[in-house]
Amino acid sequence: MKLYSTNNKSLKISFKEAVFNSFPTDKGLYMPVKIPQISEEFLQNITKYSLQEIALEAASSLIGEDIPKQDLKNIVEDAINFEVPLVSLYDQLGVLELFHGPSLAFKDFGARFMSRIMSYLSNSKDKTLDILVATSGDTGGAVALGFLGVKGTRVTILYPKGKVSEIQKQQLTTNGQNIRALEVEGTFDDCQAMVKEAFNDAELNSRFRLTSANSINIARLIPQTFYYIYAYAQAKRNNKNNIVFVVPSGNFGNIGAGLLAYKMGLPVKHFIAATNVNDTVPQYLKKGLYTPKPSIQTLSNAMDVGNPSNWVRIMDLFDNNIENIRKTISAYSYTDKDTLIGINELYEKYKYIACPHTAVAYLAAKNHFNPLNYTIFLSTAHPCKFIDVYPTNLKDKIEIPEQVKQLEKKKSLAHSLKNNFSDFKDFLLSN
């Protein structure tokens, strides 16, 4: 697999280089030089395949000969060892549940696959791999659990103070071992900016072997294609056609993976990006001007991103042509008031309890609904992670998983950090 930077298509690097150097020095993002096509035979027989079989087909198509197929099969079976059910709410509407992994969020796909890829590609003589990650909520917990105890790695997670839920914070800060958490006095965008600046700092790069576990890393993007293809397979088993995916979107890595699967030949009719009031992309598709802005805190905190990094990948997939993008992607944004209405409506109509991000996706699915299509909206996190959002009548109905109950007994090991890069750099150099 060869990759280029979205800012320099003449640059060609290997898959291993892209995984470990996740962020090009020209500040673009890595993309495949050639996007492989899913075979027509595979698509015709897709209802016969398991999630793991679909994951292996997609991964081996993209990664190619960089990892032997049997080794990749072992990685896939170890990383993707939980279910991804497509739950039908009624004939033309379904919800894809992506929260059945260990951190109870869709980020488990990327984090678990990436940690095993990095471990496989690492040499025992290599310097410790320092993984830097910014999180607005769920990424950090998934990365922490994905890399916990993985030899030769050290993870530093930056999260915005007061802007993640209590359970998300516990997942980030109670691990110890090779996982460190920094509570930043700022927003997710501030955390992300510091991580990006670290990758461009000569002194840090000379001292450490730095890489990222954010969705800017190509090893995070690849495994997220798996569940789009598997959702399509489940829909076809139920004789559903004209598939539309609705994706709760923050940093736009999730929908970016869906669009990569689409470019690989997955027959999807349309994609819908659902955001909260951090609506940079919906405004761009509406007005044609891309204007990043400071992020605003909302109930759907994992989507509180004012300058989504992965949007450049989506632009690249469509040759930076906004008209081509508009043919394939629509986007809608919703307020916290709307989100609460969506949560209540899902329960009243379908007895389904959704996290705030999932409720935002439901609202967009409802807004764009066409009875000729089968609309699938993505459920990205277990509702227990946002327990304080719900009214009492719903709160009491949410089953708390055992791993969450265990978190309450653990002590936070987070370090406080001011919102400036020099303090972050000093922490890395001193620790």
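The values are calculated or read from the model by the stated rules, or taken from the named source; none is laboratory data. Fair warning: this is a prediction, and the values are worked out from it, not measured in the lab. Don't worry about glycine lacking a Cβ; one is built from the backbone with ideal geometry, like all the others, and counts go over all protein chains shown. Side chains are part of the model used for accessible areas, which takes the heavy atoms of the whole protein and leaves out ligands, DNA and RNA. Shrake-Rupley method; radii C 1.70, N 1.55, O 1.52, S 1.80 Å.
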With 0.36 nm assigned to each residue of separation and the Cα-Cα distance removed, Ala202 to Asn431 gains 80.7 nm
So the carbon and sulfur contribution to the accessible area of segment 102-175, 1.4 Å probe, in percent, is 46
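For segment 74-202, what is the accessible area per residue in Å² when the probe is 1.4 Å? It would help to have the intermediate numbers written out before the result.
Details: 4150 Å² over 129 residues.
For segment 74-202, the solvent-accessible area averages 32 Å² per residue.
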Residues meeting the amide H criterion for Ala331 (H placed from the backbone, H to H distance under 5 Å, 5 or more places apart or on another chain) are Ala273
From the Cα centre of segment 54-72 to that of segment 76-128, the distance in Å is 16
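With N set to the residue count of segment 91-149, report its C-alpha Rg divided by 2.2 N^0.38 Å to two decimal places. Each step should come with its number before you reach the end.
On the way: Rg = 14.5 Å, N = 59, 2.2 N^0.38 = 10.4 Å.
Rg over 2.2 N^0.38 Å, computed on Cα atoms: 1.40.
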The Cα extents of segment 134-265 along the principal axes, largest first and rounded to whole Å, are 54, 34, 29
For segment 73-177, the count of lysine pairs 8 or more apart or interchain whose alpha-carbon atoms are under 30 Å apart comes to 16
With every protein chain kept in place and a 1.4 Å probe, the residues His382, His415 fall, from largest accessible area down, as His415, His382
Taking the reciprocal of mean 1/r across every pair of different Cα atoms in segment 350-391, the Kirkwood radius in Å is 11.3
Using alpha-carbon coordinates alone, the radius of gyration and Dmax of segment 1-155 in Å work out to 17.1, 55
Dividing the helical contributions, -39500 (n - 2.57) per DSSP H run of n ≥ 4, by the residues of the chain yields a 222 nm value, nearest 500 deg cm²/dmol, of -12500 deg cm²/dmol
Counting as exposed only GluC sites (Glu not before Pro) in DSSP loop states with no more than 11 other Cβ atoms inside 10 Å, the longest exposed-site-free span of the chain is 84-398
For segment 328-431 the mean separation of alpha carbon contacts under 8 Å (6+ apart) over residue count, i.e. relative contact order in percent, is 19
So Glu41 and Leu340, fully extended at 0.36 nm per residue minus their Cα-Cα distance, gain in nm 103.3 nm
Excluding residues fewer than 8 positions from Lys395 in its own chain, the aspartates and glutamates with Cα under 17 Å of it are Glu166, Glu345, Glu348
With the convex hull built on the alpha-carbon atoms of segment 141-200, volume per residue in Å³ sits at 77
With DSSP loop assignment and no more than 10 other C-beta atoms within 10 Å, the trypsin sites (Lys or Arg not before Pro) in segment 316-352 are Lys351
Note to self: C-alpha centroids of segment 249-266 and segment 319-373 sit apart, in Å, by 16
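Using the structure shown, select from Lys351/Lys385; Lys27/Lys425; Lys263/Lys293; Lys240/Lys286; Lys263/Lys327; Lys349/Lys405 the pairs with a Cα to Cα distance greater than 25 angstrom.
Details: Lys351/Lys385 19 Å; Lys27/Lys425 19 Å; Lys263/Lys293 29 Å; Lys240/Lys286 30 Å; Lys263/Lys327 14 Å; Lys349/Lys405 30 Å.
Exceeds cut-off: Lys263/Lys293; Lys240/Lys286; Lys349/Lys405.
Which net charge results when you count Lys and Arg as +1 and Asp and Glu as -1 among the other residues whose beta-carbon is under 12 Å from that of Gly250? Mind dumping the intermediate values first?
Working: positive: Lys107; negative: Asp138, Asp189, Asp279, Asp304.
Within the 12 Å Cβ shell, the charges total -3.
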Over all Cα pairs of the chain, the Kirkwood radius sets Rh, and Rg/Rh then becomes 0.93
If every Lys and Arg gets +1 and every Asp and Glu gets -1 at its Cβ, then about the Cα centre the chain yields a dipole, in debye to the nearest 20, of 280
So, with points 7 Å from each Cα along the Cβ direction, the Ser422-Asn241 label distance in nm works out to 6.5
One would report the antiparallel percent of DSSP beta bridges in the chain, rounded to the nearest 5, as 20
The answer for the per residue Cα convex hull volume of segment 294-356, in Å³, is 116
Around Val143 (Cβ within 11 Å, Cβ-to-Cβ, excluding Val143; K/R +1, D/E -1) the net charge comes to +1
Label model pair Ser50, Lys397: point-to-point distance (7 angstrom along the Cα→beta-carbon line) in nm is 3.4
Surrounding charge for Ala105, neighbours by C-beta under 12 angstrom, Lys/Arg +1, Asp/Glu -1, total 0
Straight-line reach check, Lys236, cutoff 18 Å on alpha carbons, 8 or more apart in-chain or any other chain, hits among lysines -> Lys48, Lys269
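In Å², what does the accessible area per residue of segment 205-245 work out to with a 1.4 Å probe?
Numbers: 1070 Å² over 41 residues.
That works out to 26 Å² for each residue.
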Probe 1.4 Å, all chains present, heavy atoms only: Met1 accessible area in Å², nearest 10, is 40
Computed curve, segment 28-75, Cα-only Debye sum without solvent term, log₁₀ I(q)/I(0) at 0.14, 0.24 Å⁻¹, is -0.40, -0.96
When the charge dipole of segment 288-378 is computed with +1 on Lys and Arg Cβ and -1 on Asp and Glu Cβ about the Cα centre, the Cα farthest towards its positive end, among Ser295, Ala364, Trp311, belongs to Ala364
Segment 19-99, convex hull of Cα, quarter of hull surface, nm² -> 8.1
Once amide hydrogens are built 1.01 Å from N within the peptide plane, the residues lying 5 or more places from Val246 or on another chain with amide H under 5 Å from its amide H are Ile272, Ile376, Phe377, Leu378
Extension length gain for Asp126 and Glu17 (0.36 nm per residue less Cα distance), in nm, is 37.9 nm
